[in-house]
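Notes follow the structure.
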Amino acid sequence: MRIPFQGDFLSRLAVVLLAILLLLGFVGPSLPVGDPAAIAFGPRLSPPAPGWLMGTDNLGRTMLPRVLQGIRITFVLATAPVLITSVLAVVIGMLAGYLGGWFDELVARLADVLFAFPSLLLGLILVAIMGPGVRGITAAIILITLPLMVRVVRATTLSIASRDYVAASRVSGASLPRLLLVHLLPNIAGAVVVQATFTISVSMLIESGLSFLGIGVQPPVASLGSLVQNGSVYLVQAPWLALAPGFFLAVAIFSVNLLGDGLRDRLDPLEAHGLK
Amino acid sequence: MKSLLRIEKIAVEYATEGGRLRALDGATLTVAAGETVGIVGESGSGKSTLALTIGRVLPAYARRVAGDILFDEQSVFAHSDSELRAFRRDELGFIFQNPVSALDPTMRVKYQLAHILDLKSSDPAIMSHLERVGLKDVERVANRFPHELSGGMAQRVVIALAIARGPRLLIADEPTSSLDSTIRDQILELLFSLPAQTGATLLLFTHDLRSVAKYCDRVAVMYGGDVIENGLAEAVFSRPLHPYADALLKAAPGAEAIGGKIEAIPGRPPILRERSERCPFAPRCTWVVDLCRKQRPASEIIAGRLVSCHRAEERATAAPAQLVKGANNAS
Amino acid sequence: MSYLRLFRFAIERLASALLTLLGVSILVFTAIHLIPGSYEAVMLGPQAPEAARERLREKYGLDDPLPQQYMRWLLAFLGGDMGIALCRSQQSIGQQACENADQAPIIAEFARRAPATIQLAFMAAGMANLVGIPLGILAGLSAGSRGVRGTSRAISALGMGIPSFVLGTLFVYVFSVHDLGLTVGGYVPLSEDPETNLRAMVLPAITLSVFGTALFARTTRDAVLTVLAEPYIMAAVARGESPGQIVRRHVLRNAAIPVVTVSAVNMGYLLGGAAIAELLFSVPGFGWYVLAAIHKRDYAVVQAGVLVAAVAFVGVNLLADLAYAIIDPRTIRRGLG
């Protein structure tokens, strides 16, 4: 097997960090790390010690399994909406770029409108309508990330649709779905993957931000963002409660950003040089 | 005759991802003050690299590995950074292939001229610089942005910038290839009126043989990063001694006899990675002999010009019919 | 000639911005109507007295068809009438305090809180510009070195990777435990006591500025690299311009274009992010107020807050478009992507 990201130390670092985080989040909770729900597992607000490696909270619950679960929730809540966004954006963006005309105009206008909302406020109002919780967060992330993704797909489609081989297959009578799937999709896939990676980091910021503000995930579910929020009440007495999940969250977003840079350099070098 | 520019066995290499590329491989050329010299060759022959090397305006991944370039008997490679800038500013004038992209898109023409001349943009002298290059309605042109100019107008502006400080050497790299054919001649007329007007020396790097034949005193033919034939334009054009020069002339559109066809040169120009130890044209040459593959021909004066070919002397004395056949008969 | 074109371009952009805002207002209007419960209950809260409900029904013509209601609502909004905030002490005092429906017009509440948010946004944007752009220029100009390239990539990924509330929480901890001269909380208006004000505002401003700093550094670096590859830069080198002259005359101006776009994007981030910084550092600003309204389910305030923020954001983007056209005259002809 070829080693990915040859000679690119930072991208490899990102891959390693992400692998560690995913292991911690998905395998960690099933290891003997203590019962996250057990009240008075240890003393209250105890600093990290053997038995409770990340300390305990105000109810004496051990933090370690809660942080591990938070890592998992954060990854799930950030990637699932991005998958939906990507699929929607590929369909809408390709059609808009390829068909042009009124459909393209309409898509561009709607994207403008969604763009006009500062992202956190768009999240706030959606959560206000749909109620706090996973559904609200998912809707918020999709609507916030969709317009940019559609623009990227549309622009890439435009640049590829003008190439000769696309025109040639159109002339030779290829059907629209065939044209889009066989000729366009493979060529925009690189740009989509790069953009989706950056979008995961954006959606981590949105989810954790909303959860920190108390209108994201609701107890008993906890993401890293809501753990920071819970811990910030005892910040002075027990700083580890807020800072440990905050640290893992920052590492997660940092790694995703680095990975996005690395992918962009490899898959979409043109964009690396152009105006973003 | 005193020489203004002496290019001596210059070799330049680029560090690319695929390894080293040797763009210039010992090119030699001497240019006298006031001359107009056309430097011709296919793309990849090293023309553009040579043009840039004279002003040392090579990209960071390029390196001079051998040879020297002397301007006014002083090596351009001996200059300090500030001397080099002064040399470029006051002695050289570059004219580029695509005039619109050679001008800063965010700056009105008058400011670009004002910067070069160290004048205020309101100085009336600026207008006279635009008039000199044959622009009409100079006030309007001065206030325009580059993208608001036609290609021909933009190239006139680029020429105005190049000659603004009265340089002694003008270096034009494919100055007309991005222009409409209708205005090419106008721009060339303008370019070649400059030496008489200002006393400048002009180097025209081009693949357009006809303009060289029409305007230049002398022609230098480049191949494989080297100047392989160099002499008075009239002499070279009427009887090219290097087989490559011969083939190039025959391949030029317009050179064919009426009803005849253009003779393409079979094969591709070489991609050099290190110094060539044989004649670089040997693989494509119809006059090739064993010697050509073993030993690189030295540059010799034959029939009033400098030629790098083992069989140049033979070709100089051969009967015309033999030349046409280009046969591989003698050894 | 070119001024006329600039004017036309400005009008076009303005029209486009207004169209966008129209879409925004329809979306917000629809969104509020999608919330379960009658409009009066949503806007006034469940405990509002019948008289207040009746006044609202009359004012917005709630028995009319929706498009008519929308027009009425939009016109009122444009006239500065954004509705009334829920009585702040609704729970304890109950219906009595709400008898007087004129007591807390939202626009007045916004006006009272805007200065803190505007100050915060300007401080954060200023810091991001002053640090991020020079860093990006340096990184772009020395991009030949592998070390610089890697360092700038890592720093920008980190700066854009730390959520502002994590950084803010860290600041709150460090500065609450140690006395380092800057205060956590203790906001007073700038006009009252500038020194105390600045002591309280520096930390929230830094918290907010980190994302923008990384964003500016990264965008500026990419822009400088792109410009350096342009033929007119080589032409300037060939004319004997010094590196300093080239950077001043050509690179900065041409690289400014994407940076201006990003400033507008950053402004949108600041508008949202301000809520988090205000909450963490107890700055009584616009963002905190809207946030509190969401927790209280005070939808009149949420609706007005989102609209005002969208207007501000679209306005900033409009300014960015015009700045574009002035920096790069080609924009006018080409149109914006």
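The values are calculated or read from the model by the stated rules, or taken from the named source; none is laboratory data. If you're wondering where the values come from, they're calculated on a predicted model, not measured in any experiment. Note that each Cβ is placed from the backbone with ideal geometry, even for glycine, and that neighbours are counted across all protein chains shown. Side chains are part of the model used for accessible areas, which takes the heavy atoms of the whole protein and leaves out ligands, DNA and RNA. Shrake-Rupley method; radii C 1.70, N 1.55, O 1.52, S 1.80 Å.
Name the residues of region C:149-168 whose accessible area falls by at least 40 Å² when all protein chains are present instead of the chain alone, probe 1.4 Å?
For region C:149-168, once contacts with the other chains are taken into account, C:Arg153, C:Ala157, C:Gly161, C:Pro163, C:Phe165, C:Val166 lose 40 Å² or more.
Nearest 0.05, what FRET efficiency do C:His33 and A:Val91 give at R0 = 30 Å with Cβ-Cβ as r?
That pair, C:His33 with A:Val91, gives E of 0.60.
Which whole number gives the average count of other chain Cβ atoms within 10 Å of the Cβ atoms across peptide B:91-98?
Other-chain Cβ atoms within 10 Å of each residue's Cβ, averaged: 3.
When a/c is below 1.5 the answer is rounded, else prolate if a/b is larger than b/c, else oblate, so apply that to region B:71-207 with a ≥ b ≥ c taken from the square roots of the Cα gyration tensor eigenvalues. Please list the in-between numbers first.
Details: a/c = 1.69, a/b = 1.22, b/c = 1.38.
In terms of gyration-tensor shape, oblate.
Test of understanding: what is the full-extension gain from B:Thr16 to B:Asp290, defined as 0.36 nm times their sequence separation minus their Cα-Cα distance?
Full-extension gain reported as 95.4 nm.
Could you order peptides C:130-136, C:287-293 by the average number of other Cβ atoms within 10 Å of their residues, highest first?
C:287-293, C:130-136
Between B:Arg278 and C:Arg5, what FRET efficiency comes out of the Förster formula 1/(1 + (r/R0)^6) with R0 = 60 Å and r the beta carbon distance, rounded to 0.05?
Working: r = 60 Å, r/R0 = 1.01.
Once rounded, the FRET efficiency stands at 0.50.
What whole-number value in Å² describes the accessible area per residue of chain A for a 1.4 Å probe?
That works out to 43 Å² for each residue.
Could you grab the relative contact order for chain A? Cα pairs under 8 Å, six or more apart, rounded to a whole percent.
Value for chain A: 23 percent.
Starting from the Cα-Cα distance between C:Ala41 and C:Ala229, subtract it from 0.36 nm times their residue separation and give me the gain in nm to one decimal. Don't jump to the answer; show the numbers that get you there.
Working: separation 188, 0.36 × 188 = 67.68 nm, distance 6.10 nm.
Taking 0.36 nm per residue and subtracting the Cα distance, the gain is 61.6 nm.
Determine how many Å³ per residue the convex hull of the Cα atoms of the protein assembly as shown encloses.
228
Dipole of the protein assembly as shown (Lys/Arg Cβ +1, Asp/Glu Cβ -1, origin at the Cα centre): which of C:Pro105, C:Ile327, C:Gly140 lies farthest to the positive side?
About the Cα centre, the residue reaching furthest to the positive side is C:Gly140.
Normalising by the residue count of chain C, find the relative contact order in percent from Cα pairs under 8 Å and 6+ residues apart.
With pairs under 8 Å counted, the relative contact order is 24 percent.
Mind checking the angle between helix A:185-212 and chain A's longest principal axis? C-alpha axes, 0 to 90 degrees, to the nearest 10.
30
Compare the Cα positions of C:Thr226, C:Phe9, C:Leu203 along the charge dipole of chain C (+1 at Cβ of Lys, Arg; -1 at Cβ of Asp, Glu; about the Cα centre) and return the one farthest towards the positive end.
Farthest towards the positive pole: C:Thr226.
So which of B:Lys2/B:Lys136; B:Lys9/B:Lys294; B:Lys47/B:Lys214; B:Lys2/B:Lys250; B:Lys2/B:Lys47; C:Lys59/C:Lys296 end up more than 28 Å apart, counting from Cα to Cα? Numbers along the way, then the final one.
Numbers: B:Lys2/B:Lys136 37 Å; B:Lys9/B:Lys294 20 Å; B:Lys47/B:Lys214 20 Å; B:Lys2/B:Lys250 34 Å; B:Lys2/B:Lys47 24 Å; C:Lys59/C:Lys296 24 Å.
With Cα atoms farther than 28 Å apart: B:Lys2/B:Lys136; B:Lys2/B:Lys250.
Between C:Ile26 and A:Ala155, what is the FRET efficiency for a Förster distance of 25 Å, r being their Cβ-Cβ separation, to the nearest 0.05?
0.40
Looking only at the protein assembly as shown, where both bridge partners belong to it, what percent of the DSSP beta bridges are antiparallel (to the nearest 5)?
Bridges in the protein assembly as shown are about 65 percent antiparallel.
Quick check for me: using +1 on Lys/Arg Cβ and -1 on Asp/Glu Cβ, what's the dipole size of region B:22-165 about its Cα centre, in debye to the nearest 20?
Computed charge dipole of region B:22-165: roughly 420 debye.
Would you please calculate the Kirkwood hydrodynamic radius of chain A over all C-alpha pairs and express it in Å, rounded to one decimal? Mind showing how you got there, number by number?
Values: mean 1/r = 0.0486 Å⁻¹.
Computed over chain A, the radius equals 20.6 Å.
Would you mind working out the magnitude of the charge dipole of the protein assembly as shown relative to its Cα centre, with +1 at each Lys and Arg C-beta and -1 at each Asp and Glu C-beta, to the nearest 20 Debye?
Once rounded to the nearest 20, the dipole reads 1520 debye.
Charges at C-beta only: +1 for Lys and Arg, -1 for Asp and Glu. How large is the resulting dipole of chain A about its Cα centre, in Debye rounded to 20?
So the magnitude is around 240 debye.
Sort the following peptides by mean Cβ neighbour count (other Cβ atoms within 10 Å, averaged over residues), highest first: A:100-107, A:260-267.
A:260-267, A:100-107
Just to be sure I understand the model, the point goes 7 Å from the Cα along the line to the Cβ. What's the resulting C:Val311 to A:Ile84 distance in nm?
3.2
Give the relative contact order (percent, whole number) for region A:200-244; include only Cα pairs under 8 Å separated by 6+ residues.
Working: 49 pairs, mean separation 11.9, N = 45.
Once divided by the residue count of region A:200-244, the mean separation gives 26 percent.
Residues of region C:241-255 losing 40 Å² or more of accessible surface, assembly versus chain alone, probe 1.4 Å, please list them.
C:Arg249
Going toward the positive end of the dipole of the protein assembly as shown, with +1 on Lys and Arg Cβ and -1 on Asp and Glu Cβ, which of C:Ala31, A:Ala252, A:Val67 do you reach last?
A:Ala252
Taking chain C as the reference, fit the longest principal axis to its C-alpha atoms, fit the long axis of helix C:252-280 to the helix C-alpha atoms, and give the angle between the two in degrees, 0 to 90, nearest 10.
40
How many Å² of accessible surface get buried when C and A come together, counting both sides, probe radius 1.4 Å, rounded to the nearest 100?
The C and A chains share an interface burying roughly 4200 Å².
Using the alpha-carbon centroid of each, what span in Å lies between region B:118-166 and region B:180-205?
Computed from Cα coordinates, the inter-centre distance equals 16 Å.
Could you work out, residue by residue across A:231-240, how many beta carbons of other chains sit within 10 Å of that residue's beta carbon, and then give the average as an integer?
Mean partner-chain Cβ count within 10 Å for A:231-240: 3.
Are there cysteines in chain B with no second cysteine's Cβ under 4.7 Å away, and if so, which?
By the Cβ distance rule, which asks for a partner under 4.7 Å, the isolated cysteines are B:Cys216, B:Cys285, B:Cys309.
Ranked from highest to lowest mean number of other Cβ atoms within 10 Å per residue, what is the order of the peptides A:20-28, A:84-92, C:296-304?
The most tightly packed comes first, giving C:296-304, A:84-92, A:20-28.
Can you sort A:Asp112, B:Asp180 by 1.4 Å-probe accessible area, starting with the largest?
The most accessible residue leads, giving B:Asp180, A:Asp112.
Does region B:35-84 come out rounded, prolate or oblate, given a ≥ b ≥ c as the square roots of the eigenvalues of its C-alpha gyration tensor, rounded meaning a/c under 1.5 and, failing that, prolate meaning a/b above b/c?
oblate
How much accessible area per residue does chain B have, counting only protein heavy atoms and a probe of 1.4 Å, in square angstrom?
Per residue, chain B has 45 Å² of solvent-accessible surface.
Going out from 0 in 5 Å bins, what whole percent of all Cα-Cα distances in region C:107-335 drops into each bin?
1, 7, 12, 15, 16, 15, 12, 9, 7, 4, 2, 1, 0, 0
Along the Cα→Cβ direction, 7 angstrom out, place labels at B:Ala264 and C:Glu12. What is the inter-label distance in nm?
Once both label points are built, they end up 4.4 nm from each other.
Work out, step by step, the length gained on full extension between B:Ser178 and B:Ala33: first 0.36 nm times the residue separation, then minus their alpha carbon distance; give nm to one decimal.
Using 0.36 nm per residue and subtracting the Cα-Cα distance, I get 49.3 nm.
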